[in-house]
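Novice: One structure is given below, represented as structure tokens, and several questions about it will come after.
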């Protein structure tokens, strides 16, 4: 019996080699054909053919020469930044921030606009995306994907917003309207989930495939990363930890009527400010109150202890179900609390449960949601662009 022939195998191998070469160029910067061949294990002839193919498709460009060898200087090649662009958008109740990055990940355009005085979310996002692309000198037609970070629930089946507490004008049907308006793929993702993506890329969770991120700011939220992938749940509600029933707090019976959820009452920004004021650290915002308590040294200890006990109820409830090795505290309060708050939460969780996750403060200081949106968009676009190099 003859062996089964696998049609297209040479084409598949070329595509895999192309992808490997492009990833190496992104990771290591400009390389010669010979060096690409060494790193991919390809012969000089095959490596040269690969580079020519990628150059013809506009994915790779010559960026200089490498001097020092015998004979003519070797040409250096890099991924062509303008081969594709993405836009990440961070939306909240007061403002929208959009940033444009080229396919190498370099952020080359950014715009920030107020959302306070508008009833037109499509117009707000349209203007932000167009201006971000324009500030990057990128044609809108070359923007291959737009990823928006938004509070609330995103339906895993349709990709549409189903519940955004702080954005009452955002509703079902908005995704289709934005796609039609911008003529490009648009994706919604929960903002805390995007913060976790950024944390895994360049923050405190680098190299950790299983972790949870607890967002403590105006609201409280949770992102779950399992096997390096976000866990959304069947309805997109995985991580809505604000609704966790906790002892000592009234549990609303009808959350659709905007009653404040139980754990939100216990650990959200309003609760943090109240706890801080009780301990003599009154401040205009919760993060400032936490910073003041930390700056006070031992005097601020009792306030941080109480906040840690409250947060530990949500963290412990999550960890006895998922048993992750790492918990990242993020958001304004998590960032302000730093190691002082994280260590207290870790101690408290270990005291009240059988699990002992490591609890750390976020490793990111600027715009984690926006960074996560850009990363999500880049991953998808690189798959599309780098995966279709062989015609």
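Novice: What's the total number of residues in the stretch 358-387 that are touching a helix residue (DSSP H, G or I) at 6+ places or on another chain (Cβ under 9 Å) and in contact (Cβ under 8 Å) with a residue 40 or more places away in the chain?
Specialist: Of the residues in the stretch 358-387, 20 are touching a helix residue (DSSP H, G or I) at 6+ places or on another chain (Cβ under 9 Å) and in contact (Cβ under 8 Å) with a residue 40 or more places away in the chain.
Novice: Does residue 60 satisfy the criteria of being touching a strand residue (DSSP E or B) at 6+ places or on another chain (Cβ under 7 Å) and closer than 27 Å to residue 30 by Cα?
Specialist: yes
Novice: Okay, moving on. Would you mind finding the one in 91, 97 that is modelled with pLDDT of 90 or more and touching a strand residue (DSSP E or B) at 6+ places or on another chain (Cβ under 8 Å)?
Specialist: Answer to the selection: 97.
Novice: Which of the residues belonging to the stretch 36-61 are out of contact with any helix residue (DSSP H, G or I) (no Cβ under 8 Å at 6 or more places or on another chain) and within 12 Å of residue 78 (Cα to Cα)?
Specialist: Across the stretch 36-61, the qualifying residue is only 55.
Novice: Separate question: I'd like to know if the stretch 122-132 contains one or more residues that are farther than 16 Å from residue 86 by Cβ and buried (at least 24 other Cβ atoms within 10 Å of the Cβ).
Specialist: Looking for residues that are farther than 16 Å from residue 86 by Cβ and buried (at least 24 other Cβ atoms within 10 Å of the Cβ), one finds none in the stretch 122-132, hence no.
Novice: Give 293, 283, 277, 267 a once-over and let me know the one that is touching a strand residue (DSSP E or B) at 6+ places or on another chain (Cβ under 7 Å), free of Cβ contacts under 8 Å to residues at least 60 places away in the same chain and either surrounded by 19 or more Cβ atoms within 10 Å (Cβ to Cβ) or more than 23 Å from residue 364 (Cα to Cα) (or both).
Specialist: Among 293, 283, 277, 267, only 267 is touching a strand residue (DSSP E or B) at 6+ places or on another chain (Cβ under 7 Å), free of Cβ contacts under 8 Å to residues at least 60 places away in the same chain and either surrounded by 19 or more Cβ atoms within 10 Å (Cβ to Cβ) or more than 23 Å from residue 364 (Cα to Cα) (or both).
Novice: Still on this structure, I have one more. Identify the single condition in (1) farther than 18 Å from residue 342 by Cα; (2) buried (at least 21 other Cβ atoms within 10 Å of the Cβ) that residue 222 does not satisfy, given that it satisfies every other one.
Specialist: Going through (1) farther than 18 Å from residue 342 by Cα; (2) buried (at least 21 other Cβ atoms within 10 Å of the Cβ) one by one, residue 222 breaks only (1).
Novice: I would also like to ask the following. Which one of these is surrounded by 16 or more Cβ atoms within 10 Å (Cβ to Cβ), at pLDDT 95 or above, over 22 Å from the mean Cα position of the chain (by Cα) and in the same structural domain as residue 286 (by TED's automatic domain parsing): 350, 342?
Specialist: 350
Novice: Continuing with this model, one more query. Against the conditions (1) in contact (Cβ under 8 Å) with a residue 24 or more places away in the chain; (2) under 26 Å from the mean Cα position of the chain (by Cα); (3) more than 30 Å from residue 375 (Cα to Cα), where does residue 261 fall short? Just the number, please.
Specialist: Of the numbered conditions (1) in contact (Cβ under 8 Å) with a residue 24 or more places away in the chain; (2) under 26 Å from the mean Cα position of the chain (by Cα); (3) more than 30 Å from residue 375 (Cα to Cα), the odd one out for residue 261 is (1).
Novice: Is at least one residue of the stretch 191-208 surrounded by fewer than 20 Cβ atoms within 10 Å (Cβ to Cβ) and closer than 24 Å to residue 89 by Cβ?
Specialist: yes
Novice: Could you please find all residues in the stretch 28-39 being part of a helix (DSSP H, G or I) and surrounded by 18 or more Cβ atoms within 10 Å (Cβ to Cβ)?
Specialist: Within the stretch 28-39, 33, 36, 37 qualify.
Novice: For residues that are part of a strand (DSSP E or B) and within 19 Å of residue 178 (Cα to Cα), scanning just the stretch 100-126, find the one that is nearest to the chain's Cα centre (by Cα).
Specialist: 100
Novice: Can I ask one more? Say we look at the stretch 49-67 and pick out the residues that are assigned to a helix (DSSP H, G or I) and crowded, with 16+ Cβ neighbours inside 10 Å; which of these is nearest to the chain's Cα centre (by Cα)?
Specialist: The residue in question is 54.
Novice: Identify the residue in the stretch 136-158 that is buried (at least 16 other Cβ atoms within 10 Å of the Cβ) and in a loop (DSSP other than H, G, I, E, B) and, among all such residues, is modelled with the lowest pLDDT.
Specialist: Selected residue: 152.
Novice: While we're on this one: Does the stretch 193-220 hold any residues that are outside any loop (DSSP other than H, G, I, E, B), touching a residue at least 60 places away in the same chain (Cβ under 8 Å) and either within 12 Å of the chain's Cα centre (by Cα) or within 23 Å of residue 175 (Cα to Cα) (or both), and which are they?
Specialist: Once the filter is applied, which keeps residues that are outside any loop (DSSP other than H, G, I, E, B), touching a residue at least 60 places away in the same chain (Cβ under 8 Å) and either within 12 Å of the chain's Cα centre (by Cα) or within 23 Å of residue 175 (Cα to Cα) (or both), the stretch 193-220 yields 193, 194, 195, 196, 197, 198, 199, 201, 202, 213.
Novice: For the stretch 319-341, give me the residue count where each residue is closer than 30 Å to residue 299 by Cβ and not in a helix (DSSP H, G or I).
Specialist: Of the residues in that region, 4 qualify.
The values are calculated or read from the model by the stated rules, or taken from the named source; none is laboratory data. Just so you know, these numbers come straight off a predicted model, no measurement behind them. Here the Cβ is made from the backbone with ideal geometry for all residues, glycine too, and neighbour counts use every protein chain on show.
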